[in-house]
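The values are calculated or read from the model by the stated rules, or taken from the named source; none is laboratory data. Here the structure is a predicted model, which means the values were calculated and not measured. All Cβ positions, glycine included, derive from the backbone under ideal geometry; neighbour counts span all protein chains shown. In case anyone asks, the SASA skips ligands and DNA or RNA and just uses the protein heavy atoms, side chains included. Shrake-Rupley method; radii C 1.70, N 1.55, O 1.52, S 1.80 Å.
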Amino acid sequence: MKNQKSKIKYEGRKYKVVPHNPEWLIVFEKEAKDLKEIFGSDAVGIEHIGSTSVPNLESKPTVDILVIVDDIAVTGRHIGEMESLGYKYLKEYVMPDSRLFVKEREGNADRLFNVHIFPRDHKHVKEMIGLRDYFRGHPEEVEKYANLKKELFARYPNDYAQYRKLKDEYMED
């Protein structure tokens with residue numbers, strides 16, 4: 001995973017880290033409903049993942065959604081529908097055998113949603129859900145991670161690549 005992430009271009013990307021917002025769950029539920037309508041039976045699961053899915057965790061205000069499919073190839077059937085909802089298709093962006101759609105606020109680059117598409121047997125599915133569930137059950141770790149994210153943002157407010165690198169190193173430990 002580290003090699004693929006190093007290929008992602010973060011230069012110039014604006015970001016912010018904000019306190020947890022309980023509204024993120026409602027925002028996820030609404031978007032998940034729209035995604036279920038688009039993917040239908042192609043989606044074997046839709047999960048709220050990432051920092052916005054963990055109560056009390058500081059986060060970038062971007063809701064991460066995982067759409068689990070049996071076959072990654074079905075993504076191609078839904079590109080037009082996703083684009084009609086305002087998503088941009090970034091293809092295999094995060095790692096092999098996955099797809100990514102992003103939705104940004106009109107007029108700027110504030111990212112509202114990342115929709116990750118993974119086949120159910122991909123090892124990263126278990127990792128993403130497991131990490132979310134671990135944090136939900138370990139408030140002391142949430143506090144440590146939230147403090148790290150605040151510290152990194154304070155040190156690197158204009159360097160998302162460095163923020164991301166150090167945050168990812170913490171997560172891998």
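Given the criteria modelled with pLDDT of 95 or more and either over 16 Å from Val67 (Cα atoms) or open to solvent by 30 Å² or more (accessible area, probe 1.4 Å) (or both), does Val142 qualify? Spelling it out, Val142 is indeed modelled with pLDDT of 95 or more and either over 16 Å from Val67 (Cα atoms) or open to solvent by 30 Å² or more (accessible area, probe 1.4 Å) (or both).
Do we have any residue at all in the stretch 52-67 that's over 13 Å from the mean Cα position of the chain (by Cα), under 30 Å from Asn158 (Cα atoms) and surrounded by 19 or more Cβ atoms within 10 Å (Cβ to Cβ)? Quick ask: steps written out before the conclusion?
Taking the stretch 52-67 as the starting set, the residues that turn out to be over 13 Å from the mean Cα position of the chain (by Cα) are 55-58.
Checking which are under 30 Å from Asn158 (Cα atoms) leaves us with 55-58.
With the extra rule that they be surrounded by 19 or more Cβ atoms within 10 Å (Cβ to Cβ), the set shrinks to 57-58.
There is at least one residue in the stretch 52-67 that is over 13 Å from the mean Cα position of the chain (by Cα), under 30 Å from Asn158 (Cα atoms) and surrounded by 19 or more Cβ atoms within 10 Å (Cβ to Cβ).
Considering only residues in the stretch 82-99 that are outside any strand (DSSP E or B) and more than 21 Å from Asp168 (Cα to Cα), the one that is farthest from the chain's Cα centre (by Cα) turns out to be Ser84. Residues of the stretch 143-173 that are among the charged types (D, E, K, R) and touching a helix residue (DSSP H, G or I) at 6+ places or on another chain (Cβ under 7 Å): Lys149, Lys167, Asp168.
To keep it simple, each residue is scored yes or no on (1) more than 20 Å from Trp24 (Cβ to Cβ); (2) open to solvent by less than 70 Å² (accessible area, probe 1.4 Å).
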| position | (1), (2) |
| --- | --- |
| His78 | yes, yes |
| Glu81 | yes, no |
| His116 | no, yes |
| Arg120 | yes, no |
| Glu151 | yes, no |
| Tyr156 | yes, yes |
| Asp159 | yes, yes |
| Lys165 | yes, no |
| Asp168 | yes, yes |
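Considered as a group, the residues in the stretch 1-22 that are in a helix (DSSP H, G or I) and open to solvent by 100 Å² or more (accessible area, probe 1.4 Å) include one that is modelled with the highest pLDDT, and that residue is Lys7.
For every residue, the table says whether it meets (1) part of a strand (DSSP E or B); (2) free of Cβ contacts under 8 Å to residues at least 24 places away in the same chain.
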| site | (1), (2) |
| --- | --- |
| Phe28 | no, no |
| Glu31 | no, no |
| Asp34 | no, no |
| Phe39 | no, no |
| Ile46 | yes, yes |
| Thr52 | no, no |
| Leu57 | no, no |
| Val67 | yes, no |
